[in-house]
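**Q** Structure incoming, see below.
Each reported figure results from applying straightforward, stated rules to the coordinates on display, with no laboratory input. Just so we're clear, the structure is a prediction, and the values are computed from it rather than from any experiment. Note that we place each Cβ from the backbone using ideal geometry, even for glycine, and neighbour counts take in every protein chain shown.
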Protein chains: 2
Amino acid sequence: MTTTVLLVDDHPVVRSGLRAVLDTDTVHVLGEAATGEEAITLAAHLHPDVVLCDLRLGAGIDGIQTTAALRALIPAPAVLILTTFDRDAEILGAIEAGAAGYLLKDVAPEVIIEGIHRAAKGDMFLAPDLASRVLQGMRNPLPRLTDRELEVLRLMSTGAANRDIARTLFVTEATVKSHIAHIFTKLDVDSRSRAIHLAQETGLI
Amino acid sequence: MTTTVLLVDDHPVVRSGLRAVLDTDTVHVLGEAATGEEAITLAAHLHPDVVLCDLRLGAGIDGIQTTAALRALIPAPAVLILTTFDRDAEILGAIEAGAAGYLLKDVAPEVIIEGIHRAAKGDMFLAPDLASRVLQGMRNPLPRLTDRELEVLRLMSTGAANRDIARTLFVTEATVKSHIAHIFTKLDVDSRSRAIHLAQETGLI
DNA sequence: GTCGGCATCATCCAAAAGGTTGAGATTCAG
DNA sequence: CTGAATCTCAACCTTTTGGATGATGCCGAC
């Protein structure tokens, strides 16, 4: 039985590659989308069994938002994330948004095909080298930062000093320091550079 | 007249995509390599007109080292860098290593084909949106950091405090501070987070 | 040999960052 | 309504960072 697939990637070359690799007797590629918006429209019309979606989609909404929107369709396609990156926060975010699986782009074509079939059957499918990491991430969840704290953290990571952050957010430096103190406590670090490094490593920002 | 090409990319899917997109009446794909080492061996035997090479090649040597090695072959193929990333230092590094051009992966297939033909003729070919940036980069060259300074910068970017850096490098904190002062002057910044951010943005680290 | 670049270290001072504690205001769920 | 979380701010203090200046030794270029 053939599984129908919609490809979502902002790189034409990757779409062509996926199409060439996937379009076999067990998988049928219904269409391609370059953006998340396009993917949602196409999926609503084509009703693919599975949507194969990149996380980074250039302009417009990202893969996680796309996943959430796709899963809200009726009938909802299974969403398989296929990406180059393996940042923890993003994997967990994608799964929270309803993704059926997560594959890295450097896997062999057969693994992608297997993942598609598994996703179509309603299974979860994680690239083997990611599975342990995800479980690890769920045991050691990154503390939840509030929106404001994330905003401060992002500004910090661009090299902004407390004064700069205060000016950007229209608050006093005391407030910024307060947020930063909370961030440090939650991330268990004691310097902005460590906080930045940790945040970048885990995909928090 | 057809131009012969060797593909170098660590992602099977991208290689398939490139092959599907490029193998036309004017371009002939001679072979594919997944690593830089493989690319050099293959190029020495197949004598392609052009090598289309990703910058990030997973394990092993990177695209810039591969470029340099390829350009040392006789006859030397033209090397066209095709990558997702657009960091300044890498573009300039690739060109220094002898690359004939630099393309971003999100361009249309026709642009890649045009780039291949131009490279085969000995022209330089830069993605249009990169050209101005590269010229800009050559007018405002990033100051050359010494090896030691780069080492310190890299440690800084992992969140290490001066004391940590000093311990790692077996020098005193005073020395670390001295290096950092030089780094700041050269990069024209006044805080480690800004230095880290700039270094990451420009691909310095 | 001399000069310049580099790495090493030191001292002194000022500024920024970080830690602690506490507190007012708002919002939102139970 | 009450309590918890969040965002805001303040005062105080310690540590870290950054800036300025200068000194030593090494090495390679001229």
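**Q** Among B:30, B:6, B:52, B:22, what is the fewest-to-most ranking by other Cβ atoms within 10 Å?
**A** Working: B:30 17, B:6 25, B:52 29, B:22 21.
Final ranking by Cβ density, sparse to dense: B:30, B:22, B:6, B:52.
**Q** At a Cα cut-off below 30 Å, give the lysines reachable from residue A:177, other chains included and same-chain residues fewer than 8 away excluded.
**A** Residue A:177 reaches A:186, B:177, B:186.
**Q** Determine ³J(HN,Hα), in whole Hz, for all residues of the stretch B:52-68 in sequence, where each value follows from phi through the Karplus function 6.51 cos²θ - 1.76 cosθ + 1.60 and θ = phi - 60°; x replaces Gly and Pro.
**A** 9, 10, 6, 7, 8, 10, x, 6, x, 5, 8, x, 5, 5, 4, 4, 4
**Q** Now a separate question. So what is the calculated 222 nm ellipticity per residue for chain A, using -39500 (n - 2.57) for each DSSP H run with n of 4 or more, over all residues, to the nearest 500 deg cm²/dmol? Walk me through the intermediate numbers first.
**A** Numbers: 10 runs with 109 residues, N = 205.
Computed mean residue ellipticity for chain A: -16000 deg cm²/dmol.
**Q** Then there's this: Under 5 Å between amide H atoms, partner at least 5 residues away or on a different chain: which partners does residue A:102 have, H built in plane at 1.01 Å?
**A** Counting only residues 5 or more places away or on other chains, the set is A:81, A:125, A:126, A:127.
**Q** Would you mind computing, in nm to one decimal, how far apart the modelled labels at residue A:175 and residue B:124 are, each placed 7 Å from Cα along Cα→Cβ?
**A** 4.9
**Q** Something else about it: Within a 10 angstrom radius of the beta carbon, how do A:183, A:205 rank from fewest other beta carbons to most?
**A** Values: A:183 24, A:205 18.
Fewest to most other Cβ atoms nearby, the residues stand as A:205, A:183.
**Q** Which chain B residue sits with its beta carbon nearest the axis carrying B onto A, and how many Å away is it, rounded to a whole number?
**A** That would be B:17, 1, residue then distance in Å.
**Q** Here is a further query. For each of A:184, A:85, count neighbouring Cβ atoms within 10 Å of the residue's Cβ, then give the residues from fewest to most. Don't skip to the end; give the middle numbers.
**A** Values: A:184 15, A:85 12.
With the sparsest Cβ surroundings first, the list reads A:85, A:184.
**Q** Run the quick spin-label model on residue A:37 and residue A:188: label points 7 Å from Cα toward the beta carbon, then report their separation in nm to one decimal.
**A** 4.3
**Q** Check which residues have an amide H placed less than 5 Å from residue A:4's amide H, if you skip close sequence neighbours.
**A** Under 5 Å from the amide H of residue A:4: A:28, A:49, A:50.
**Q** Copy-to-copy spacing for residue B:89, label 7 Å out on the Cα-to-C-beta vector, in nm, shortest first?
**A** Nearest to farthest, the other copies are at 2.3 nm.
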